[in-house]
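Peer 1: First the structure, then my questions, so here it is.
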Amino acid sequence: MWARLLLGTGGSGLGLRASRDGLLRLAGARFAWKRQLASSGEAASKKTPLFDFHRERGGKMVDFAGWSMPVQYKDSHIASHMHTREHCSIFDVSHMLQSKVHGKDRVKFMESLVVADIAELKDNQGTLSLFTTEKGGIIDDLIVTKTDQGYLYVVSNAGCADKDSAHMKARLAEFKAAGFDVDLEFLDEALIAVQGPSMAQVLQEGLREDLTKLTFMTSNLATVFGIPGCRVTRCGYTGEDGVEISVPQSRVVELTEKLLVNGEVKLAGLGARDSLRLEAGLCLYGNDIDESTTPVEGTLRRRQNKDFPGADIIVPQIKAKTARKRVGLVSTGPPVRQHTPILSPDGKVIGEVTSGCPSPCLKKNVAMGYVDAAFAKNGTAIQVEVRKKAVPASVSKMPFVPTNYYFG
């Protein structure tokens, strides 16, 4: 779902999403995705309720995590990226796994699975969190919202949907056997992300509620452009102000069409979404975090009490530090891609790039990866090995482009 990279109550970033080996050539640049941009035909892929709409609007469809999704539309990838930064774009994220956790023991149940402190959330407040293994690895990133409707609303990644649902069901069976009051419901709703600096202006036209009262990582039920029963959450995966709207499948085309009436709004695809999230310093599950990564290595926040899976490994790492850390990198010259070796000034391999692309906003290469902790300080001069040549680079703070989340 949309991850970001400060985790915790009211955390300041989101992230999101799965991918596996494959290459896309977009606007002259190749983007490596680590989770199935496969060559399988559309017939073998699942389809969101907007599939036909994407095709009619010129969407170039690819297989992504088992779903047929638009990678871009008639505009170039870079034009779509910049439109999101300057105006407003709609992304179809209906492939994400949406669920509700019911029952009086729902918070205890969720806290037995994730690293975040769910009990401390206010009504209708959400947080980015992580499912973790008993060995401290990251199963997936997700957003958990504590609603005022008597349930937790959970959104996690499409590429991890099968293992996430199995993980939650297994824990549910344990809780029920122990006599706890908890239940799990998987939703069939569509989900769209409306992202960009003019989002509030566009969406306010279709809401009775005052959007200035809906701050980053908060959520409410609302009627949106005459469509009741929508859940509007102020979050996203671009670094811009935005919302994600969970809407009945039967009315998602109607909602999207009504949003597109405003000249500020265009459709955007996976290509722009990937470069936007990377500029914002947000992790992609399967690339930047996975079951071989602990939250501390990934510089992701977590609660310090030892009552979640892997806590015996994760919590001591907070004080003892780790041998490697996730960092941002900037360079000029040839683009830096996933799996690029990271070198010390004297040429020793000290890490590997997990995501990288040319930044449309900064006009230089941005990347993130893991390095030996001794080289993790911002400003440290390093090298990256591109086409068997060492290219100068430096460790950079993230986000690379300032985020514009709305805090009121």
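Peer 1: Given R₀ = 22 Å, FRET efficiency for Glu352-Lys135 by Cβ-Cβ distance, to 0.05?
Peer 2: The formula returns an efficiency of 0.60 here.
Peer 1: List residues of region 265-292, by number, whose backbone nitrogen lies under 13 Å from a label position 7 Å along Cα→C-beta of Glu174.
Peer 2: none
Peer 1: Where the centroid of each part is defined by its Cα atoms, how far is region 108-164 from region 271-321 in Å?
Peer 2: 14
Peer 1: For the pair Phe407 and Glu257, what calculated FRET efficiency results from E = 1/(1 + (r/R0)^6), where r is the Cβ-Cβ distance and R0 = 30 Å, to the nearest 0.05?
Peer 2: 0.45
Peer 1: A further question follows. Between region 55-70 and region 360-408, what is the C-alpha centre distance in whole Å?
Peer 2: 30
Peer 1: What's the ranking of 268-275, 354-361, 202-209 by average number of surrounding C-beta atoms within 10 Å, highest first?
Peer 2: The packing order, highest mean first, is 268-275, 354-361, 202-209.
Peer 1: When the chain is fully extended, how far beyond the present Cα-Cα distance does Ala373 get from His339, taking 0.36 nm per residue of separation?
Peer 2: Length gained between Ala373 and His339: 10.4 nm.
Peer 1: Just the number please: accessible area per residue for the chain, 1.4 Å probe, all protein chains included, in Å².
Peer 2: Accessible area per residue, the chain: 39 Å².
Peer 1: Of all the accessible heavy-atom surface of region 119-232, with the other protein chains kept in place and a 1.4 Å probe, what percent is carbon and sulfur?
Peer 2: 48
Peer 1: Grab the other residues whose beta carbon is less than 13 angstrom from that of Tyr151, score K and R as +1, D and E as -1, and report the net.
Peer 2: -1
Peer 1: Pop a pseudo-label 7 angstrom from the Cα along the beta-carbon direction at both Thr223 and Lys389 and give the gap in nm to one decimal.
Peer 2: 6.3
Peer 1: Which links in Lys135/Lys325; Lys122/Lys213; Lys146/Lys169; Lys266/Lys364; Lys266/Lys397 stretch past 23 Å when you go from one Cα to the other?
Peer 2: Violating the 23 Å Cα-Cα cut-off are Lys266/Lys364; Lys266/Lys397.
Peer 1: What FRET efficiency comes out for Gln204 versus Ile318 if R0 is 25 angstrom and r is the Cβ-Cβ distance? Round to the nearest 0.05.
Peer 2: The computed FRET efficiency comes out at 0.05.
Peer 1: Determine, for each peptide in 180-190, 156-166, 91-101, the mean count of other beta carbons within 10 angstrom over its residues, then list the peptides with the highest first.
Peer 2: Highest-to-lowest ranking by the protection proxy: 91-101, 156-166, 180-190.
Peer 1: If you average the alpha carbon positions of region 73-105 and of region 202-261, how far apart do those two centres end up, in angstrom?
Peer 2: 12
The values are calculated or read from the model by the stated rules, or taken from the named source; none is laboratory data. This one's a predicted model, so the numbers in the text were calculated from it and none came from an experiment. Here the Cβ is made from the backbone with ideal geometry for all residues, glycine too, and neighbour counts use every protein chain on show. Note: accessible area is taken over every heavy atom of the protein model, side chains too, but ligands, DNA and RNA are not part of it. Shrake-Rupley method; radii C 1.70, N 1.55, O 1.52, S 1.80 Å.
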